[in-house]
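Enquirer: Okay, handing you the structure first.
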Amino acid sequence: MCGIFGAIANENVSELLLKGIKRLEYRGYDSVGMAVYNNGSINIKKGAGEIDSINKKLNFLELEGSCGMAHTRWSTHGKPTDKNSHPHLSQNKEIVIVHNGILDNFLKLKNDLIKKGYNFLSETDSEVIAHYFEDKLKNNLSIKEAIKDFIKDAEGTFAVLLMHKFEKKIYAIKRDSPLVLGLSDNRFLLASDVYAFSDLTSKAIFFDNDEFAEVSESGYTFFDRLGKEKNKTIKEFEWEQDESNIDKFEHYMIKEIMEEPLVAKRLLVSLENEQKDNFDKLVSMIKKSRKVLFIAAGTSYHASLLGAYYLHKCGVESQTLVASEFQHFATVDKDTLVIPITQSGETMDVIEALKYCIDKKAKVFSIVNVPYSSIQRMSDASINILAGQEVCVAATKSFINQAVLLLRVAKEFSYKVNLDNISDEIRGVLDKAEIIKKLAEEIHNKPDLYILGRGLSYPVAREIALKIKEISYIHAEGMMGGELKHGTLALIEEGVPVISLISNKDYDMVSNTKEVESRGAKTIIVSNELSGDFKIETENDGKFGILATTFGQLLTYYIALNKRLPIDKPRNLAKSVTVK
Ligand code: G6P
């Protein structure tokens, strides 16, 4: 994963870099580093840890110069240590790079370089890139020629920024990992995504695969893999700039949950107005296809399970598969409509599965949150869920809007639901936060938690379990109620907490709840029609799925708050997973 940010301006850039990289911190926070060019020298500061703490220790703002780059890391090759932090220098200290992605053939490249006498200081795949360029330049190649060779020789994924000690320039190279150039008055900004600079500009140029650019104070030039100049289109992107502000909240997670009524409404209004054409297109593409196949990962996968349920109930053949296993289990052809669902639009597993589908000539309609993301650009058509920027690593409001959109689509296929009051109903759950806080106090010390659902509440059980694991650090299983008796029931003993999600009068779920209660479980019943511990105020099963998720998000938040955990940045995780 990782976030990269580069800037050339007619002012000192260290503050700009620090701000930019901070906005990308959700992509990884194992280490941070910065390199700034200053009249023929390159100065670097870097260290393992989160940006704020490393900045306190090293003070990045001491770096002076008007051209530089920064990196925030999510470790793949090599532990989160100072040495493995980016930027990486070449042996002669003339070239510096930051990298996001994975070089699949780094061992081969590294061994070749070791044979030529290069020493490696880190365990990363990325350091290879710095030495590779030094070697090419030693053989009298220009940087541009060396980049052409790199694109040929490198296997894997990369967004690389490279500076040379003797030039006030940044070279940017991309394959599969996201990279964008932002144009803001007298500044050129290079970043992993538009979030990084959306407070400075709304003009950007998106890199295509195997493309590179040379960026200096006076301008930029794009090249294809053969070094031929390319004309690129400047895109005006829209982004709600205020939403990344934490306002009065202690954490982004709670801020983003509280925004759910607003963003759900915004999405529904847009489907009648500016997104109407796209929405109609989605409906018509579903009608024309033989079957619908969703692809997604993590929380978005759980939203896709809800989508498959909703459509299936209306007689539309629909299935979903986890992106990383997609190619092993999916049958795709030209009559399949593939719907990737992804908040970031950059998840590598989804991109890989999508490439496979495009190869099979399937039609692709994506559901994304981040505009102009790679997956949106790979699709035949796309719709934005308009959840706004989500900063907390755990997805919350984006899940709600994915589910609201899917329910709205199902409505077109005669799913009976009134969505006019969904915002008020979500607010109804938020208004009962005190009840949820008490439940959280009761269970926050438990080592295990089980969540049961059936049909429509099964995806919700999975989603709540995921939230509980990633944010509350409690082992949690989201289960099909019916599967309980085939194994997991053996783990139920006195006092084990079990959340039962009972929509309408699902008597099979009632039986499953009784089964665990009679073995001593402490059940928490979440229902809209039956009495229990938390009442979801809706008459509709489709909406129950959405509202029960908000309940689970709040429960997770309050458990984690009780345990004083790093809610917005859980250990080992990152928001945008751009590696396989
Ligand atoms: C990561 C995030 C999750 C997210 C998943 C899929 O694991 O931590 O919150 O659900 O990626 O991301 P996507 O951007 O494709 O929805």
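The values are calculated or read from the model by the stated rules, or taken from the named source; none is laboratory data. Note that the structure is a prediction, hence the values are computed from the model and not measured. Cβ: placed from backbone, ideal geometry, glycine included. Neighbour counts: every protein chain shown. Heads up: the accessible areas ignore ligands, DNA and RNA and are worked out on the full protein's heavy atoms, side chains in. Shrake-Rupley method; radii C 1.70, N 1.55, O 1.52, S 1.80 Å.
Yes or no, residue by residue, for (1) open to solvent by 40 Å² or more (accessible area, probe 1.4 Å); (2) in contact with a strand residue (DSSP E or B) (Cβ under 7 Å, 6 or more places away or on another chain); (3) hydroxyl-bearing (S, T, Y):
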| site | (1), (2), (3) |
| --- | --- |
| V292 | no, yes, no |
| I295 | no, yes, no |
| L305 | no, yes, no |
| Y309 | yes, no, yes |
| H312 | yes, yes, no |
| E317 | yes, yes, no |
| A323 | no, yes, no |
| F329 | yes, yes, no |
| V332 | no, yes, no |
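Enquirer: Give me the residue from region 315-337 that is in contact with a helix residue (DSSP H, G or I) (Cβ under 8 Å, 6 or more places away or on another chain) and β-branched (V, I, T) and, out of that set, farthest from L354 (Cα to Cα).
Expert: Here the answer is V316.
Enquirer: Would you mind stating whether N418 is away from the ligand (no atom under 14 Å from the Cβ) and within 17 Å of L311 (Cα to Cα)? Steps first, please.
Expert: Details: away from the ligand (no atom under 14 Å from the Cβ): yes; within 17 Å of L311 (Cα to Cα): yes.
So N418 fits the description; yes.
Enquirer: When you scan region 465-580 for strands (runs of 3 or more DSSP E) that lie fully inside it, which ones turn up with 3 or more residues that are away from the ligand (no atom under 16 Å from the Cβ) and open to solvent by 30 Å² or more (accessible area, probe 1.4 Å)?
Expert: 475-480
Enquirer: Assuming V393 fulfils every condition listed in (1) away from the ligand (no atom under 13 Å from the Cβ); (2) over 30 Å from E539 (Cβ atoms) apart from one, which condition is it?
Expert: (1)
Enquirer: If you scan region 317-346, which residues turn out to be modelled with pLDDT of 95 or more, in a loop (DSSP other than H, G, I, E, B) and either within 14 Å of the ligand (Cβ to nearest atom) or under 18 Å from the mean Cα position of the chain (by Cα) (or both)?
Expert: Residue satisfying the conditions is Q343 alone.
Yes/no per residue for (1) in a loop (DSSP other than H, G, I, E, B); (2) touching a helix residue (DSSP H, G or I) at 6+ places or on another chain (Cβ under 9 Å); (3) aliphatic (A, V, I, L, M):
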| position | (1), (2), (3) |
| --- | --- |
| M163 | no, no, yes |
| E167 | yes, yes, no |
| A172 | no, no, yes |
| L181 | no, no, yes |
| I205 | no, no, yes |
| F212 | no, yes, no |
| T221 | no, no, no |
| R225 | yes, yes, no |
| T233 | yes, no, no |
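Enquirer: Another question, if that's okay. Tell me which residues, restricted to region 259-308, are over 19 Å from the mean Cα position of the chain (by Cα) and of a type in the set (D, E). First the steps, then the outcome.
Expert: Quick first cut of region 259-308, residues over 19 Å from the mean Cα position of the chain (by Cα) only: 261-262, 264-293, 306-308.
Residues satisfying the conditions are E272, E274, D277, D280.
Enquirer: Does H99 fit the bill of being in a loop (DSSP other than H, G, I, E, B) and either within 17 Å of G20 (Cβ to Cβ) or free of Cβ contacts under 8 Å to residues at least 24 places away in the same chain (or both)? Give the derivation first.
Expert: Values: in a loop (DSSP other than H, G, I, E, B): no; either within 17 Å of G20 (Cβ to Cβ) or free of Cβ contacts under 8 Å to residues at least 24 places away in the same chain (or both): yes.
So H99 fails the test.
Enquirer: So, in region 143-158, of the ones that are closer than 20 Å to P178 by Cα, of a type outside the set (S, T, Y) and open to solvent by less than 70 Å² (accessible area, probe 1.4 Å), which residue ends up modelled with the lowest pLDDT?
Expert: Step one: of region 143-158, the residues closer than 20 Å to P178 by Cα are 147-148, 150-158.
Add one more test, that the residue is of a type outside the set (S, T, Y), and what stays is 147-148, 150-156, 158.
Those still in the list that are open to solvent by less than 70 Å² (accessible area, probe 1.4 Å) too: 147-148, 150-151, 153-154, 156, 158.
Details: I147: 98, K148: 98, F150: 98, I151: 98, D153: 98, A154: 97, G156: 92, F158: 95.
The qualifying residue modelled with the lowest pLDDT is G156.
Enquirer: Moving to a separate point now. Hey, any hits in region 353-363 for a residue that's within 16 Å of the ligand (Cβ to nearest atom) and either in contact with a Gly (Cβ under 9 Å, 6 or more places away or on another chain) or assigned to a strand (DSSP E or B) (or both)?
Expert: no
Enquirer: Find the residue count for region 123-142, including only residues that are hydroxyl-bearing (S, T, Y) and surrounded by fewer than 18 Cβ atoms within 10 Å (Cβ to Cβ). Talk me through it step by step, then tell me what you get.
Expert: Filtering region 123-142 down to residues hydroxyl-bearing (S, T, Y) leaves 124, 126, 132, 142.
Still in the running and surrounded by fewer than 18 Cβ atoms within 10 Å (Cβ to Cβ): 142.
Going through region 123-142 one residue at a time, the tally reaches 1.
Enquirer: Could we say that A353 is buried (at least 23 other Cβ atoms within 10 Å of the Cβ) and in contact (Cβ under 8 Å) with a residue 60 or more places away in the chain here? It would help to see each step written out before you state the result.
Expert: Details: buried (at least 23 other Cβ atoms within 10 Å of the Cβ): yes; in contact (Cβ under 8 Å) with a residue 60 or more places away in the chain: no.
Against the criterion (buried (at least 23 other Cβ atoms within 10 Å of the Cβ) and in contact (Cβ under 8 Å) with a residue 60 or more places away in the chain), A353 does not qualify.
Enquirer: If you check D247, D277, which single one turns out to be open to solvent by 10 Å² or more (accessible area, probe 1.4 Å), under 30 Å from I436 (Cα atoms) and without any contact (Cβ under 8 Å) to a residue 12 or more places away in the chain? Full working, then the answer.
Expert: Values: D277 fails: under 30 Å from I436 (Cα atoms).
Step by step, each of D247, D277 is checked, and only D247 is open to solvent by 10 Å² or more (accessible area, probe 1.4 Å), under 30 Å from I436 (Cα atoms) and without any contact (Cβ under 8 Å) to a residue 12 or more places away in the chain.
Enquirer: Condition first: at pLDDT 95 or above and in contact with a Gly (Cβ under 8 Å, 6 or more places away or on another chain). Now tell me which residues in region 496-507 satisfy that. Quick ask: steps written out before the conclusion?
Expert: As a first pass, look at region 496-507 and keep what is at pLDDT 95 or above: 496-502.
Result: V496, I499, S500, L501, I502.
Enquirer: Take F399 and tell me if it is aromatic (F, W, Y), open to solvent by less than 60 Å² (accessible area, probe 1.4 Å) and within 16 Å of the ligand (Cβ to nearest atom). Working first, answer last.
Expert: Working: aromatic (F, W, Y): yes; open to solvent by less than 60 Å² (accessible area, probe 1.4 Å): yes; within 16 Å of the ligand (Cβ to nearest atom): yes.
Against the criterion (aromatic (F, W, Y), open to solvent by less than 60 Å² (accessible area, probe 1.4 Å) and within 16 Å of the ligand (Cβ to nearest atom)), F399 qualifies.
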